[in-house]
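Chemist: My structure is below; once you've seen it, I'll send some questions.
The values are calculated or read from the model by the stated rules, or taken from the named source; none is laboratory data. Computed from a prediction, not measured in an experiment: that's the story for all the values here. Glycine also receives a Cβ, built like all others from the backbone with ideal geometry; neighbour counts cover every protein chain displayed. All accessible areas refer to the heavy atoms of the entire protein, side chains included, with ligands and DNA or RNA removed. Shrake-Rupley method; radii C 1.70, N 1.55, O 1.52, S 1.80 Å.
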Amino acid sequence: MATTNTATSNSNRKSNSKDQPTHAQYSDEEHPVSDKVADTLHHTVDGLHSSAAHAEEVLRAKSGESATAIKAQSRLLQQKWNKSGAKKYATENPVKTAGFAFTAGMLLTLFLRKK
């Protein structure tokens, strides 16, 4: 008996689902304004997507170029520092160098302090 009730209820569900309109039937007949709005929003989002994708590509290319330029500049500065007289003096006289740095910091603080 339970099997017949289940079969009957399944057939009722199938017949009821045929009677109910689907989303596609609603969209063309009963909601023209909301469908136009949805289409407009979809086109807008697609346009934003292409603009954002282009911007991302440009940023990635520029960041790669910048990273390469920064590494080259860093190597150049390192070479200049290794050849400089300031590095030689600082490594030969570390205490004097620290004293000069401290004195320069104190003077800068005195001159730049707001009264």
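Chemist: Looking only at region 81-96, filter to residues that are part of a helix (DSSP H, G or I), surrounded by 10 or more Cβ atoms within 10 Å (Cβ to Cβ) and not small (Gly, Ala, Ser); which one of those is farthest from the chain's Cα centre (by Cα)? I'd like the intermediate steps shown before the answer.
Modeler: Within region 81-96, the first condition is being part of a helix (DSSP H, G or I), and the residues that meet it are 81-83, 85-92, 94-96.
From what is left, the residues that are surrounded by 10 or more Cβ atoms within 10 Å (Cβ to Cβ) are 81, 87-90, 94, 96.
Now restrict to residues that are not small (Gly, Ala, Ser): 81, 87-89, 94, 96.
On the way: TRP81: 36, LYS87: 41, LYS88: 44, TYR89: 46, PRO94: 45, LYS96: 48 Å.
Among them, the one singled out is LYS96.
Chemist: Report the residue count in region 16-33 for those that are assigned to a helix (DSSP H, G or I) and either at pLDDT 90 or above or open to solvent by 80 Å² or more (accessible area, probe 1.4 Å) (or both).
Modeler: Count: 9.
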